[in-house]
1. In nanometres, what is the gap between the two model label sites at Asp156 and Gln23, each 7 Å from Cα along Cα-to-Cβ?
2. Starting from the amide H of Gly99, placed 1.01 Å from N in the peptide plane, find each other amide H under 5 Å away whose residue is 5 or more places distant or on another chain.
3. Over segment 28-158, what is the percentage of antiparallel beta bridges among all DSSP beta bridges, to the nearest 5?
4. Got a sec to turn the phi values of segment 140-145 into Karplus ³J(HN,Hα) couplings, 6.51 cos²θ - 1.76 cosθ + 1.60 with θ = phi - 60°, whole Hz, x for Gly and Pro?
5. Principal axis lengths of segment 30-71 from Cα atoms, whole Å, largest first?
6. If neighbour count is taken as other Cβ atoms inside 10 Å, put Glu36, Glu153, Glu92 in order from fewest to most.
7. What Kirkwood Rh does segment 47-102 have if only Cα atoms enter the pairwise 1/r average? Answer in Å.
8. Using only Cα atoms, what is the ratio of the radius of gyration of segment 11-86 to 2.2 N^0.38 Å?
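Values in this text are rule-based calculations from the coordinates and carry no lab data. The model shown is predicted, which means the values in this text are computed figures rather than measured ones. As a convention, Cβ positions derive from the backbone with ideal geometry for all residues, glycine included, and neighbour counts pool all protein chains shown.
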Amino acid sequence: MSGLSPSAQKVQNFLKQSGYPFQVTEIPASTRTSQEAADALGCEVKHIAKSLVFQGALSHQPVLIVASGEHRVDEKIAGRAVGEPIAIAKPEFVLQTTGFAVGGVPPVGHHQRLPTYIDRTLMKLPFVWTAAGSSHAVFRLSPVELLSLTDGELIDVM
């Protein structure tokens, strides 16, 4: 037993089953916001890869955008890349479609596979930290590994 919470263990299991060596870590400090995560991990906020669930205005389907913690996703710009207008999803929709609560949504391991888009600016960084199922769980990887892990598409978010 790893000692991880059930939601963090779910992410760790997904990573292991997918053949990735990343190690989920739970820390005492909250990582619910990008700034809290950066403070807790001792890194710059740009190194936090936040997973945000949006909902298509026409399809009503979930869309995952993984963006740098220092960026606010411009819904009009991102919507053009996604192919329809989008709006940030309500917390209940996020939980229903991913299995994770807002503030701990990882980029993978959801109830269903989500179309995933990655903030292009993350690719300039040597590493990023991302949520791992709870507001206290994280794992570290390179942006190239994030792109591979999520089978994401690079887009501009602002």
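1. The answer from the label model is 4.0 nm.
2. His111
3. Details: 14 of 22 bridges.
Approximately 65 percent, going by the DSSP bridge assignments.
4. 10, 7, 7, x, 5, 5
5. 40, 17, 9
6. Working: Glu36 17, Glu153 13, Glu92 10.
Ranked by crowding around the Cβ, least crowded first: Glu92, Glu153, Glu36.
7. Details: mean 1/r = 0.0872 Å⁻¹.
Over segment 47-102, the inverse of the mean reciprocal pair distance is 11.5 Å.
8. Details: Rg = 15.1 Å, N = 76, 2.2 N^0.38 = 11.4 Å.
With N residues counted in segment 11-86, Rg over 2.2 N^0.38 Å equals 1.32.
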